[in-house]
1. Can you work out the FRET efficiency for the pair residue 30 and residue 294, with r the C-beta to C-beta distance and R0 = 56 Å, to the nearest 0.05?
2. Averaged over every viewing direction, what's the projected area of the C-alpha convex hull for segment 244-357? Give it in nm², one decimal, please.
3. Taking 20 Å as the cut-off for C-alpha to C-alpha distance, list the pairs among 26/190; 39/190; 39/314; 314/359; 14/133; 190/217 that go past it.
4. Pop a pseudo-label 7 angstrom from the Cα along the beta-carbon direction at both residue 334 and residue 277 and give the gap in nm to one decimal.
5. Given contacts defined as C-alpha pairs under 8 Å and at least six residues apart, what's the relative contact order of segment 183-285, whole-number percent?
6. From the backbone phi of segment 187-202, what are the Karplus-calculated ³J(HN,Hα) couplings (6.51 cos²θ - 1.76 cosθ + 1.60, θ = phi - 60°) in whole Hz, Gly and Pro given as x?
7. Through the Karplus equation 6.51 cos²θ - 1.76 cosθ + 1.60, θ set to phi - 60°, convert the phi angles of segment 318-334 into ³J(HN,Hα) values in whole Hz; use x for Gly and Pro.
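What follows is calculated from the coordinates using simple rules that are stated; it is not laboratory data. If you're wondering where the values come from, they're calculated on a predicted model, not measured in any experiment. Cβ placement follows ideal geometry from the backbone for every residue including glycine, while neighbour counts extend to all protein chains displayed.
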Amino acid sequence: WISGIVYLREPCTKVAQVIGNDGEGKPWTTRLKSSSVYKSEPFINCPTCGSILYEYDQDYAPFGSMLTDSFTDPPEWDSRNDDWEPGNQPLYVEAPIPTAAGGNDHIRAGSPFSLSNNSQQGFGTMCVGGGSKEGNECSKSFPDCCASASPGDTYCPSPADQGVCVGPQIASGGDICYDWMNCVGDAVYKLQHLFVAPYSDTAGWIWEMEVPSLEWKYTQNVGASGTSFWESVYRSGAAPNMNLCPVQAGEIVRPDDWTNDEYCGVPPIVDNILAGSTEGSMESPPHTIDLPGNGGTVFLSFSFTGNPDQMPIKFIEIDWADGLSPYPLSGSFDSGTLFTSHTYNWRNPPIPGENIKVKVRDNWDWCADIRGGNCVINDCRFDYWAGGDCDSVDTGVRVTLSG
């Protein structure tokens, strides 16, 4: 008993990290902005998933995130004071606790994306996460959070009407999930439409007893947590996973729907290439720039445009075709225009027959194509399995030295 209220607590048993302490991650950028109005429609390719009707500011932004001790790792998390409950306690699905400063922070699980069917049922709860009964109080999952359920139903017949019962004291099962593939798979499917990948393929933990210490804690388990599956889907590039988006009217475009088809990549575009031996002589390729025999400077500019959901641009590299190591730029870049120059001389002359090339990679590891180009997945995806690299975009600019 706490303040005269019985707390029927539901622990979070599987945790995935999507943003690192360095602030890096792979979100759908427009959906993770504070101004986001994103809600999904039912996932027709995942009949057990329902909809993500969580909004950006659901519980703890974004989208019902966990409130954790940011100075510790999951194995050290403990949601309760040891004076009251010795040992580690998991993070529970609980309501915010208002504070004198107007906040509502305490260590808790936030809003879950999937719950197993053996969750307890209680009072003070609300239907969230999908369905026409969004916002209703609920004492059990069916039929309280499932408009199409009939008495005696043990599942929600229509994913469009499916909700999850979450509240101050309890989280009741709302997903149609009875095993790992359904429970974790459904959660991963939903989360893929907010973050295309976990922070890393090792960023997953489950609540279990550690051996040989026999202590309960969150232990790293990339299999049972679903993160290795999630990461492999992201890296695989094989349908129905992170494939190249379809071509429409000569352009690669993400479908505007909430099926698995939108889980695809749009390569950045390199365009408006200009080059010359002086700023005033810069012109569009293809062309050859002939410099004096003792060398000279070439000026180059090009625009790069990333898909809004896949921003920022994380890597730009220019290979000046002179045998030296390409010049890389790493960081976070908005779409824009790069203007640069390079000097050739007898120590680093241009390689005969080679053109200047550039690489541009976005936050989802898609690599640049030229507008109207014939990109295929092996050309336009950062290749994890072959050492990690992008194919280059040929600018069509060649440099020679006279004499």
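1. 0.65
2. Orientation-averaged projected area of the Cα hull: 8.9 nm².
3. Checking Cα-Cα distances, 39/314; 14/133; 190/217 exceed 20 Å.
4. Between residue 334 and residue 277, the label points sit 3.7 nm apart.
5. Relative contact order comes out at 17 percent.
6. The phi angles translate into 4, 4, 4, 5, 5, 4, 8, 10, 9, 6, 7, x, 4, 7, 6, 10 Hz.
7. 10, 9, 7, 6, 10, x, 7, 4, x, 8, x, 10, 10, x, 10, 10, 6
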